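Asks: First, the structure itself, so that you have it in front of you.
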Amino acid sequence: MTTLLETEIQGKILSIQTGKIAKQASGSVVVQYGETIVLVTVVSSSEERAVDFLPLTVEYQEKIYAAGRIPGNYFRREIGRPSEKETLTARLIDRPIRPLFPKGYCSETQVIATVLSMDQENDPDVLAMTGAFAALEISDIPFAGPIACVRVGRIDGQFIANPTISECEKSDINIIVAGSQTGVVMVEGESDIVSESDVLEAIFFGHEAMQPIIELQAKLKEVAGVAKRPFAPPEKNEEFIQEIEAKASSQINNAILIPEKIKRTAALRTIKKEIFEELGEEYADRKNEVYGILSNIKKTSMRSLILNEGRRIDNRKFDEIRPITCETGILPRPHGSALFTRGETQVLGVMTLGSGPDEQRVETLIGEEFRPFMLHYNFPPYSVGEVKRMMGPSRRDIGHGGLSTKAIKRVLPSKEEFDYTIRIVSEVLESNGSSSMGTVCSGILALMDGGVPIKAPVSGIAMGLVKEEDNVVILSDILGDEDQAGDMDFKITGTKDGITALQMDIKIHELSKDIMAKALEQARTGRLFILDKMLESLKAPREEISPHAPKIITIKVKPDKIREIIGPGGKMIRSIQSETNTQVEIDDSGLVKIAAFCKENGDAALKMVNDIIMEPEVGTIYEGTVVKIMDFGAFVQIMPGTDGLCHISQLATSRVNKVTDIVKEGDKIKVKVLEIKDGKIRLSRKAVIEESKN
């Protein structure tokens, strides 16, 4: 039976349909908003895997046919590796649903969202999220829903739910909020240096706006849902747990107080190994179980230390930031560099400037995009003392890079102010808590070191939470172990005046407005402390860019000269570039940009362009090249693409019998422009000779 239910969001109909297509999936829905349509399916295996984690995978696919186009790549089909947008959207779906599966659920589970139609106005990402939530809700898969999501924008002070793509371009806030009926479960977004109170208001405007979607899912489940499959968490052997706790608790309590990560990790590893060996051969096949119990003891000990003793594992106060050092200009050849170290997290930011052709070309459902700013995040295994195969960027790497991009791009100068392509590479050298925020800090300092005139410097901080009923502790600048043991990872970036980006994930079912308000305010204080430390190393962008960066020269020419600069088949522009080792761009308006790595090359290319666009003037003497001999005279090229006729009577002061008696093709001669009429130029060598005698 096909079921279709509708609700209204911001004056437009949002519909969810099930029972028509993909019926063999555990749950399947089609979500439509405007003419954007997304199919979302969920499937969970009937068999459980012998693992101690939730084997959940999420895939989001943007089919180019959805926009009525054929893919522009060589194969003319969607290529296997997901695009950055697809990866980031898959993470957006994954993050709010993962904590809502029951603990101990180990059946292989997969969510696949496929964009079937795209109307160029309504972004499919929030529809894919909505579809995933609804498909899980009506399926037999155990899931603590319903939850929903909306995108929140703000134009002229007015909040908008699910703004269109064009409205997002005018909006000073762009935040995706996922939540339940009573609280928020995930936040991701960016803003134009907006205050904490405005961001909080936007989040809870979104929470209110999503309630009709939650009600819609409840109705859909009532009409088309199936009974949840029976699931009971694995029974715990309490006696065995108590036995291990008795052996290990005191040792683990002491080990977690070791402030250095490497030493603490080594001590905990030794305890695990000794306890397992002490248990003897009869437990040889229960290693994962034993290690799981020991990990839970560690987590419980850390939480108890924070909630009951008011201490952190490195003895900091709850709102205290780890020691920070910053260095800039540490690499001689890149165009900007900075090393940011906060406790045991260290990130090298490297900035490179390029010209227009260096922009990233991306094929999207909206069309072809050119991105003048790129940020690439790298997380090598040595940063956490591990040995792993070096591969391409992981989903986590792309996600961290995406958040850092949002944080920084809001303060970059416009192309009119600073006509360069900018690339930042973040090399994480050490990691113990929020390398993404270290990326923001090092990236901003690298931009300033490179002389990029940013609007304001940005810093970032990661906040944590430990919550047991009414006992709530918010932690500033969390360590990796605190992130694993805690209930929240809340990253906030911004200038001294407001927020530029934020990302919140939780491991509990929801957060209240009061807790979020407190976290945002505590983060603001920490963020400003970090920013002050950054500015101690470099107070403002350097006045000049690196001498190794390309120099951009811009001139405006008449549109009718564009063809002459390009030349037949691009011959002239290629000649300029090869002879001067520059890159030359020209647009339809006649704007010419020359990118050169030294002033001499740039000046040489500029002269060649000026020679082409120069127009001859009557009475002016030019040195030209004889390009063609005729019986009645010689054609002389006085500038690129501009020829004139020097009549036989104007070749010399005396009578000339044959043109070749005076000149031959290829000769360089000086001629004077006598007349320009109907585009034809009359030249005289005779006039030049006579003038030289006077």
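Asks: Here is a list: ASP477, ASP449. Which entry is in contact (Cβ under 8 Å) with a residue 40 or more places away in the chain, under 30 Å from GLU585 (Cα atoms), surrounded by 19 or more Cβ atoms within 10 Å (Cβ to Cβ) and in contact with a strand residue (DSSP E or B) (Cβ under 9 Å, 6 or more places away or on another chain)?
Replies: Result of the check over ASP477, ASP449: ASP449.
Asks: Same structure again: What's the number of the condition GLU201 fails, among (1) within 19 Å of VAL31 (Cα to Cα); (2) part of a helix (DSSP H, G or I)?
Replies: For GLU201, the exception is condition (1).
Asks: Exactly one of these conditions fails for SER337: (1) at pLDDT 95 or above; (2) of a type in the set (Gly, Ala, Ser); (3) not in a strand (DSSP E or B). Give me its number.
Replies: With (1) at pLDDT 95 or above; (2) of a type in the set (Gly, Ala, Ser); (3) not in a strand (DSSP E or B) applied to SER337, the lone miss is (3).
Asks: Which numbered condition in (1) crowded, with 18+ Cβ neighbours inside 10 Å; (2) not in a loop (DSSP other than H, G, I, E, B) is the only one that ARG396 fails?
Replies: Only one criterion is unmet by ARG396, namely (1).
To keep it simple, each residue is scored yes or no on (1) over 30 Å from ARG312 (Cα atoms); (2) hydrophobic (A, V, I, L, M, F, W, C); (3) not in a helix (DSSP H, G or I).
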{"site": "VAL226", "(1), (2), (3)": "yes, yes, yes"}
{"site": "PRO230", "(1), (2), (3)": "yes, no, yes"}
{"site": "ILE241", "(1), (2), (3)": "no, yes, no"}
{"site": "ILE252", "(1), (2), (3)": "no, yes, no"}
{"site": "LEU268", "(1), (2), (3)": "no, yes, no"}
{"site": "LYS273", "(1), (2), (3)": "no, no, no"}
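To keep it simple, each residue is scored yes or no on (1) in contact with a helix residue (DSSP H, G or I) (Cβ under 9 Å, 6 or more places away or on another chain); (2) of a type outside the set (Val, Ile, Thr).
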site	(1), (2)
GLU369	no, yes
PRO372	yes, yes
SER383	yes, yes
ARG389	yes, yes
GLY392	no, yes
ILE398	yes, no
GLY401	yes, yes
SER404	yes, yes
SER414	no, yes
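A quick yes/no check of all residues on (1) of a type outside the set (Ser, Thr, Tyr); (2) under 16 Å from THR164 (Cβ atoms):
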residue: SER15; (1), (2): no, no
residue: ALA22; (1), (2): yes, no
residue: THR36; (1), (2): no, yes
residue: VAL42; (1), (2): yes, no
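Asks: Still on this structure, I have one more. From the list ASN610, ASN601, ASN581, which residue is exposed (fewer than 15 other Cβ atoms within 10 Å of the Cβ) and touching a helix residue (DSSP H, G or I) at 6+ places or on another chain (Cβ under 6 Å)?
Replies: After ruling out the rest, the residue left standing is ASN581.
Asks: If you go through segment 480-513, how many residues are surrounded by fewer than 23 Cβ atoms within 10 Å (Cβ to Cβ) and either more than 29 Å from LYS298 (Cα to Cα) or assigned by TED's automatic domain parsing to the domain that holds VAL177 (or both)?
Replies: 5
Asks: Kindly provide the set of residues from segment 484-516 that are under 22 Å from THR265 (Cβ atoms) and under 23 Å from the mean Cα position of the chain (by Cα), ordered by number.
Replies: Within segment 484-516, ASP489 is the sole residue that qualifies.
Asks: Another question, then. Can you confirm whether SER28 is over 24 Å from VAL150 (Cα atoms) and among the hydroxyl-bearing types (Ser, Thr, Tyr)?
Replies: When the stated conditions are applied, SER28 does not pass them.
Asks: Moving to a separate point now. Is segment 300-314 home to any residue that is at positive phi, of a type outside the set (Lys, Arg) and either surrounded by fewer than 16 Cβ atoms within 10 Å (Cβ to Cβ) or in contact with a Ser or Thr (Cβ under 8 Å, 6 or more places away or on another chain) (or both)?
Replies: Yes, segment 300-314 has at least one match.
Asks: Go through the residues of segment 115-132 one by one and say whether even a single one is farther than 18 Å from GLU6 by Cβ, among the β-branched types (Val, Ile, Thr) and in the same structural domain as GLN217 (by TED's automatic domain parsing).
Replies: Yes: segment 115-132 contains one or more residues that are farther than 18 Å from GLU6 by Cβ, among the β-branched types (Val, Ile, Thr) and in the same structural domain as GLN217 (by TED's automatic domain parsing).
Asks: Let me confirm something: among ASP505, ASP481, ASP497, which residue is assigned to a helix (DSSP H, G or I) and acidic (Asp, Glu)?
Replies: Answer to the check: ASP481.
Asks: Can I ask one more? Could you pull out the residue among ILE638, ILE648, ILE586 that is assigned by TED's automatic domain parsing to the domain that holds PRO559 and either β-branched (Val, Ile, Thr) or closer than 16 Å to VAL557 by Cα (or both)?
Replies: ILE586
Asks: Right, here's the next one. Checking the condition farther than 14 Å from GLU427 by Cα, in contact with an Asp or Glu (Cβ under 7 Å, 6 or more places away or on another chain) and assigned by TED's automatic domain parsing to the domain that holds ALA446, which residue from GLY343, GLY356 passes?
Replies: On inspection, the qualifying residue turns out to be GLY356.
Asks: Now, a different point. Kindly indicate whether any position in segment 11-22 is exposed (fewer than 15 other Cβ atoms within 10 Å of the Cβ), among the aliphatic types (A, V, I, L, M) and either in a strand (DSSP E or B) or touching an Asp or Glu at 6+ places or on another chain (Cβ under 8 Å) (or both).
Replies: Yes, because at least one residue in segment 11-22 is exposed (fewer than 15 other Cβ atoms within 10 Å of the Cβ), among the aliphatic types (A, V, I, L, M) and either in a strand (DSSP E or B) or touching an Asp or Glu at 6+ places or on another chain (Cβ under 8 Å) (or both).
Asks: Is it fair to say VAL290 is touching a helix residue (DSSP H, G or I) at 6+ places or on another chain (Cβ under 6 Å), within 29 Å of SER45 (Cβ to Cβ), surrounded by 13 or more Cβ atoms within 10 Å (Cβ to Cβ) and outside the structural domain of PRO102 (by TED's automatic domain parsing)?
Replies: Taking the combined requirement at face value, the residue satisfies it.
Asks: Return yes when ILE424 is closer than 30 Å to GLU585 by Cα, buried (at least 18 other Cβ atoms within 10 Å of the Cβ) and more than 17 Å from the chain's Cα centre (by Cα) and no when it is not.
Replies: no
Asks: Tell me, yes or no, whether segment 663-676 has at least one residue that is of a type in the set (Val, Ile, Thr), outside any strand (DSSP E or B) and more than 15 Å from ILE638 (Cβ to Cβ).
Replies: There is no residue in segment 663-676 that is of a type in the set (Val, Ile, Thr), outside any strand (DSSP E or B) and more than 15 Å from ILE638 (Cβ to Cβ).
Asks: Would you mind stating whether THR89 is of a type in the set (Ser, Thr, Tyr), over 21 Å from SER117 (Cβ atoms) and modelled with pLDDT of 95 or more?
Replies: no
The values are calculated or read from the model by the stated rules, or taken from the named source; none is laboratory data. As the structure is a prediction and not an experimental result, all values here were calculated from the model. Cβ sites come from the backbone with ideal geometry, for glycine too, and all protein chains shown count toward neighbours.
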